[in-house]
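Colleague: This is the structure I have questions about; it appears just below.
The values are calculated or read from the model by the stated rules, or taken from the named source; none is laboratory data. Not measured: the values here are computed from a predicted model. Here the Cβ positions follow ideal geometry from the backbone for every residue, glycine too, while neighbour counts run over all protein chains shown. Keep in mind that these areas ignore ligands, DNA and RNA; they rest on the heavy atoms of the full protein, side chains included. Shrake-Rupley method; radii C 1.70, N 1.55, O 1.52, S 1.80 Å.
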Amino acid sequence: HLLFPSQSLANYYFTHLKTNKPYSVKSPGLEKRELIKKQEKTEKLKCIYIGGANLQKGWDVIEEVFDKLLKDYQNKIELRIYGHKKKTERSRLNKYSSVKFFESFDPNQIAEVFSWADVGLAPTYFEGYSRTIREYMMYGAAPISTEAFGIPDVIIPNENGIIIKKPYDQSLYAALEKILKEPKFLEDMKVKAKNTPITSVDEEFNEIFKI
């Protein structure tokens, strides 16, 4: 019996290998942490990215897009970047006062860190499940990500998040520009993201034992 963390990964697997074995899709699940009240809305769009300088996670896209976006929309965006602070703070984005650089956060701080954001960014090139996207949603941040495995399984495009396509830099810029120009579009996405069902670790284990 085969197990996959996401349906999209299973679909890809079966396009390359034919087998008659039964299979199930069982995700790792997420721990249910205490939710905190979202911080009060401000006039600035608050974005978060937690991939550090990791190119697989799309750091090149983040740097390219925000270097342009922050010039075009001055005083309208705040960006918090977590991970690899020594590298990211030497990037082109260090000239913008609205960009803050941090080391990776303690998992116990995730509610506070993620609840700050309006938008959770993950222009990743590869995933198998993507905990990050689901955690963004759990804490009320509208996710913007790619079609990497596991992500189309949970994001309904332009409903509870946005799926960007290649070229990622152009697509991400367009998505953020739309959000800046259409505040209600963002607010609707945030509500739907937070209401998206995300299974817990215990729930997934119970399902596995039924196989």
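Colleague: Order of 81-91, 135-145 by packing, highest average Cβ count within 10 Å first?
Modeller: 135-145, 81-91
Colleague: From the backbone phi of the stretch 74-90, what are the Karplus-calculated ³J(HN,Hα) couplings (6.51 cos²θ - 1.76 cosθ + 1.60, θ = phi - 60°) in whole Hz, Gly and Pro given as x?
Modeller: So the Karplus estimates, Gly and Pro as x, are 5, 6, 10, 9, 10, 10, 10, 10, 10, x, 6, 4, 4, 8, 5, 6, 9 Hz.
Colleague: Let me ask something additional. Using 7 Å Cα-to-Cβ label points, what is the Q7/N195 separation (nm, one decimal)?
Modeller: Roughly 2.0 nm, to one decimal.
Colleague: Counting helices only, and only those DSSP H runs with n ≥ 4, report the 222 nm mean residue ellipticity of the chain as the sum of -39,500 (n - 2.57) divided by its residues, in deg cm²/dmol to the nearest 500.
Modeller: Details: 8 runs with 77 residues, N = 211.
Rounded to the nearest 500, the figure is -10500 deg cm²/dmol.
Colleague: Another question, then. Sequence-distant or interchain residues sharing an amide H contact under 5 Å with V99, placed H: which?
Modeller: Sorted by chain and number, the residues that satisfy this are L79.
Colleague: Let me ask something additional. Which percent of the accessible area of the chain is formed by carbon and sulfur heavy atoms (probe 1.4 angstrom)?
Modeller: The value for the chain is 51 percent carbon and sulfur by accessible area.
Colleague: Tell me which residues come under 5 Å, amide H to amide H, from A142 once H is placed; ignore anything under 5 positions away on its chain.
Modeller: Correct list: V119, G120.
Colleague: The stretch 3-29 to the stretch 135-211: how many Å between their Cα centroids?
Modeller: 21 Å
Colleague: Given a 1.4 angstrom probe, what's the average accessible area per residue across the chain, in square angstrom?
Modeller: 54 Å²
Colleague: Taking a ≥ b ≥ c as the square roots of the eigenvalues of the Cα gyration tensor of the stretch 124-180, is the shape rounded (a/c under 1.5), prolate (a/b larger than b/c) or oblate?
Modeller: Because a/c hits 1.5 or more and a/b fails to exceed b/c, the stretch 124-180 counts as oblate.
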